[in-house]
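Since the structure comes first, as structure tokens, the remarks are kept for the end.
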Amino acid sequence: MLKLAVGLLTAAAVALLLDWYAPDGAPPPGRVRRRHRALQPAPGAEAANLLWVVQVSDIHISRFRDPRRAPDFEKFCSETIDVIQPALVLVTGDLTDAKTRDKLGSDQLEVEWKTYQAILKRSRVMEKTKWIDIKGNHDSFNIPHLDSVRNYYRKYSAWHKDGSFHYIHTTSFGNYSFICVDATLSPGPKRPYNFFGILNMNQMKELSLMASESLHSNHTIWFGHFPTSTIISPTPGIRSLMSSATAYLCGHLHTMGGLMPVLHSQHRGGTLELELGDWMDNRRYRLLAFDHDLLSFADLNFEEWPIVLITNPKSFLYSSSAHEPLAKILYSTHIRILAFCPSVIISVEVYIDGVHLGSAHQVSGPLYVLKWSPQNYSEGFHHIDVTVQDASGRTSTRGHIFAMEENLSLRFGFWPSLILLTDHYVLARVLFGLIVLTQITLLLTFRYLQKPTLKEKPGLLTLTSYSLHVFSKTNTFYYSVLVLNLYTILGPWFVGELIDGHVGACFSFGVFVGGSFLQGSMTFVVGILQLLFFNLPLMAYLCWCLLLRCQGHSFLSHIRHIRHPVAVLVHLAMLLVLTWQIYSCYFLHRTYGTLAFFLSPMRTWLVVLTSALIYKTWTIKSSELRTYIAEIKNCQSS
């Protein structure tokens with residue numbers, strides 16, 4: 001019965017996780033306020049009711065790395081944009097890299113900003129399209145306030161203005177709202193403590209007003225640098241504010257180092273969240289199109305031609321009945337495709353469910369159409385593929401699943417949804433608290449729990465428990481590690497120049513700098529790493545050493561009398577842990593200056609404390625451990 005109950009609970013938990021983190025591609029209607037949608041005009045053969053936009057993110061113009069990054073971006077601005085001719089380009093943050101040559105420090109380097117501005121001017125891209133570039137966390141490194149001379153974004157970007165804003169793009173067939181979410185920190189500390197964005201109550205009210213204004217537009221697109229999972233916001237939360245939006249476009253996560261090349265999901269209200277891979281290493285950009293108010297998009301790689309985007313029928317996975325007039329697909333008369341290429345396009349072939357439907361013909365510009373009967377595909381899922389070939393012999397194929405019925409279900413991937421829909425700062429706080437609480441509870445429990453009597457040939461678990469009793473009942477070690485854990489929660493980890501010329505203090509729960517308090521987010525992540533990879537290993541190592549002392553060994557004798565490889569491995573592991581701690585002291589010095597190095601209880605001082613505690617385990621007088629030594633000796637002799 002117990003196994004059955006555990007199995008049922010596990011299955012229920014997995015089902016709940018999948019339901020939350022793998023949302024349906026077409027959520028139930030009625031959760032958000034609908035805009036009025038007419039079924040006509042439906043997608044046909046005319047080059048009308050069509051708008052396309054380009055997004056690029058995380059450019060990271062750098063003085064020190066990747067000499068091809070800036071020239072490639074200039075080619076993108078001058079050649080790729082010339083071919084696509086979008087109505088609007090959204091650049092969603094991290095325009096510059098802002099890192100020092102050794103990658104440890106961070107600073108606003110004016111030469112990087114001048115390079116970025118020079119690219120915009122030489123390519124004349126701002127004369128060809130509306131260019132909206134916003135800040136990312138790298139663009140906010142080491143800036144004490146928005147009016148600082150180091151805020152080069154104001155001087156060298158195309159948009160110039162800090163803060164969130166609402167841009168309305170007007171067309172002959174309606175207005176389209178683009179709302180920017182500026183969650184960058186002000187003041188902006190050096191890395192890594194501005195990895196998360198923060199919105200305060202006033203910023204939330206401002207965004208709420210913009211959301212209300214945008215309800216009069218055909219569609220609303222929100223865009224920002226940070227995914228919603230890395231934005232700290234007060235109730236009701238940033239996702240709730242953007243529930244009337246069709247999509248939220250962001251960057252920041254850089255495909256998770258290649259582990260997540262596609263990071264897309266959908267909020268429970270139907271809003272798509274579409275993280276875009278970086279330009280920095282992957283040369284990614286995105287093409288989005290509204291075709292008769294149906295949203296389609298394609299994530300693309302620089303210099304891969306031809307570009308293909310099927311706008312009708314649109315992908316079922318990326319559909320939202322709450323935001324789009326999906327019934328227009330059933331009333332449409334033509335399959336519609338956008339195809340772009342520097343060379344002449346010679347063929348556009350269309351296949352549905354593996355059957356060749358025919359060749360689409362060019363209507364105007366990049367629009368190609370092919371007459372179809374959507375009623376033939378009114379039931380179930382179907383797969384459309386389009387292959388485009390240009391005069392140079394290059395081919396490109398793009399396809400997706402579509403459906404006419406709204407009550408069908410497709411799910412986004414579990415891991416992308418977990419990454420994009422989890423509030424990671426909340427998760428980090430909970431994990432940090434649990435780990436600290438576990439270690440403190442362990443200390444207190446073994447401090448006041450009666451020590452059991454050792455029996456003949458105690459096993460590994462018994463010896464581990466015994467070593468914890470010895471550790472917790474020896475005042476020097478008990479109070480040292482207890483205070484260390486309490487200090488990890490409460491004390492300042494270091495005091496130093498979190499911003500050049502501005503001394504601040506870093507705690508687990510946040511950062512004080514420039515007269516402002518930035519609530520904890522990345523600090524909890526750093527705290528978790530500190531607990532898991534230093535505090536806990538240190539306690540385990542000290543317990544092991546004390547157990548050896550209780551068995552009558554000295555530092556030299558234990559290597560000879562116990563299994564040699566085990567002793568060496570344990571000491572090497574502790575040496576590695578201590579080396580990591582020493583390196584973190586070096587990182588602190590390089591990042592926040594000499595003051596931070598010397599005023600760092602959780603880094604520099606802890607190295608000294610650790611050395612003292614290790615020395616104490618091997619030099620502690622045998623008289624302090626005589627009870628334990630006698631008990632183990634009696635156990636071994638019996």
Just one listed residue, out of Ser359, Ser396, is among the hydroxyl-bearing types (Ser, Thr, Tyr) and farther than 23 Å from Pro86 by Cα, and it is Ser359
Scanning the range 219-238 for residues that are buried (at least 22 other Cβ atoms within 10 Å of the Cβ) and not β-branched (Val, Ile, Thr) gives His219, Trp222, Phe223, Gly224, His225, Phe226, Pro227, Ser229, Ser233
key: Residue within the range 165-178 that is surrounded by 23 or more Cβ atoms within 10 Å (Cβ to Cβ) and in a loop (DSSP other than H, G, I, E, B) present   = no
Within the range 597-616, is there a residue that is of a type in the set (D, E, K, R), within 25 Å of His469 (Cα to Cα) and open to solvent by less than 40 Å² (accessible area, probe 1.4 Å)? no
For the range 264-306 the number of residues that are surrounded by 20 or more Cβ atoms within 10 Å (Cβ to Cβ) and under 18 Å from Ile384 (Cα atoms) is 7
Pro537 meets each of (1) open to solvent by less than 60 Å² (accessible area, probe 1.4 Å); (2) modelled with pLDDT under 95 with one exception, condition (2)
Exercise. Given the structure, is Thr594 farther than 30 Å from Cys550 by Cβ and either surrounded by fewer than 19 Cβ atoms within 10 Å (Cβ to Cβ) or not assigned by the TED database to the domain that holds Leu546 (or both)?
Worked result: yes
Condition met for Leu317 (over 14 Å from Val386 (Cα atoms) and open to solvent by 30 Å² or more (accessible area, probe 1.4 Å)):
yes
Matching residues in the range 245-263 (crowded, with 24+ Cβ neighbours inside 10 Å and in contact with a helix residue (DSSP H, G or I) (Cβ under 6 Å, 6 or more places away or on another chain)) number 2
key: Any chance Arg34 is modelled with pLDDT under 95 and not assigned by the TED database to the domain that holds Asn151   = yes
Is it the case that the range 392-402 has a residue that's aliphatic (A, V, I, L, M) and open to solvent by less than 60 Å² (accessible area, probe 1.4 Å)? no
When restricted to Gly504, Gly491, the only residue modelled with pLDDT of 95 or more and open to solvent by less than 30 Å² (accessible area, probe 1.4 Å) is Gly504
Here the residues within the range 276-331 that are of a type in the set (Ser, Thr, Tyr) and touching a strand residue (DSSP E or B) at 6+ places or on another chain (Cβ under 9 Å) are Tyr285, Ser296, Thr311, Ser315, Tyr318, Ser319, Ser320
Tell me whether the range 405-421 contains one or more residues that are closer than 30 Å to Leu295 by Cβ, over 32 Å from the mean Cα position of the chain (by Cα), at pLDDT 95 or above and surrounded by fewer than 17 Cβ atoms within 10 Å (Cβ to Cβ). no
* **Test for Asp58: is it over 25 Å from Gly163 (Cα atoms) and of a type outside the set (Ser, Thr, Tyr)** => no
Of the candidates Thr100, Thr96, the one satisfying the condition of being under 30 Å from Tyr586 (Cβ atoms), at pLDDT below 95 and polar (S, T, N, Q) is Thr100
Scanning the range 348-390 for residues that are surrounded by 14 or more Cβ atoms within 10 Å (Cβ to Cβ) and polar (S, T, N, Q), the one farthest from the chain's Cα centre (by Cα) turns out to be Gln362
How many residues of the range 130-164 are surrounded by 15 or more Cβ atoms within 10 Å (Cβ to Cβ) and over 24 Å from Thr100 (Cα atoms)? The answer is 7
(1) part of a helix (DSSP H, G or I); (2) open to solvent by less than 10 Å² (accessible area, probe 1.4 Å); (3) in contact (Cβ under 8 Å) with a residue 60 or more places away in the chain all hold for Ser214 apart from (3)
Counting only residues in the range 276-296 that are touching a helix residue (DSSP H, G or I) at 6+ places or on another chain (Cβ under 8 Å) and among the acidic types (Asp, Glu), the one farthest from Asp133 (Cα to Cα) is identified as Asp293
Checked pairs for the range 448-461, first assigned to a loop (DSSP other than H, G, I, E, B), second among the acidic types (Asp, Glu), C-beta under 6 Å and 6 or more apart or across chains, list as Leu454/Glu631
Expected single match for not in a helix (DSSP H, G or I) and not aromatic (Phe, Trp, Tyr) among Pro565, Pro601, Pro537 is Pro601
Taking the range 98-116 and keeping only residues that are open to solvent by 50 Å² or more (accessible area, probe 1.4 Å) and either within 11 Å of Tyr152 (Cα to Cα) or among the hydrophobic types (A, V, I, L, M, F, W, C) (or both), one is left with Glu110, Val111, Lys114
message = Whether any residue in the range 189-200 is modelled with pLDDT under 95, assigned by the TED database to the domain that holds Gln108 and open to solvent by less than 10 Å² (accessible area, probe 1.4 Å) is what I want to check.
response = yes
Among Thr129, Thr115, the single one that is in the same structural domain as Ile168 (by the TED database) and over 30 Å from Ala339 (Cβ atoms) is Thr115
Taking the range 428-477 and keeping residues closer than 15 Å to Leu536 by Cβ, among the hydroxyl-bearing types (Ser, Thr, Tyr) and open to solvent by 50 Å² or more (accessible area, probe 1.4 Å) leaves Thr438, Thr441, Thr464
When restricted to Glu631, Glu624, the only residue modelled with pLDDT under 90 and open to solvent by 40 Å² or more (accessible area, probe 1.4 Å) is Glu624
With the first residue restricted to the range 386-397 and required to be in a loop (DSSP other than H, G, I, E, B), and the second required to be not hydroxyl-bearing (Ser, Thr, Tyr), Cβ contacts under 8 Å at 6 or more apart or on different chains are Ala391/Val344; Ala391/Ile345; Ala391/Ile346; Arg394/Trp305; Arg394/Pro306; Arg394/Cys341
Only one of Ile81, Ile119 is open to solvent by less than 10 Å² (accessible area, probe 1.4 Å), of a type in the set (Val, Ile, Thr), within 23 Å of Ile221 (Cα to Cα) and over 23 Å from the mean Cα position of the chain (by Cα), namely Ile81
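The values are calculated or read from the model by the stated rules, or taken from the named source; none is laboratory data. Keep in mind that what you see is a predicted model, and the values were worked out from it rather than measured. All Cβ positions, glycine included, derive from the backbone under ideal geometry; neighbour counts span all protein chains shown. Just the protein is used for accessible areas: all its heavy atoms, side chains included, with ligands, DNA and RNA removed. Shrake-Rupley method; radii C 1.70, N 1.55, O 1.52, S 1.80 Å.
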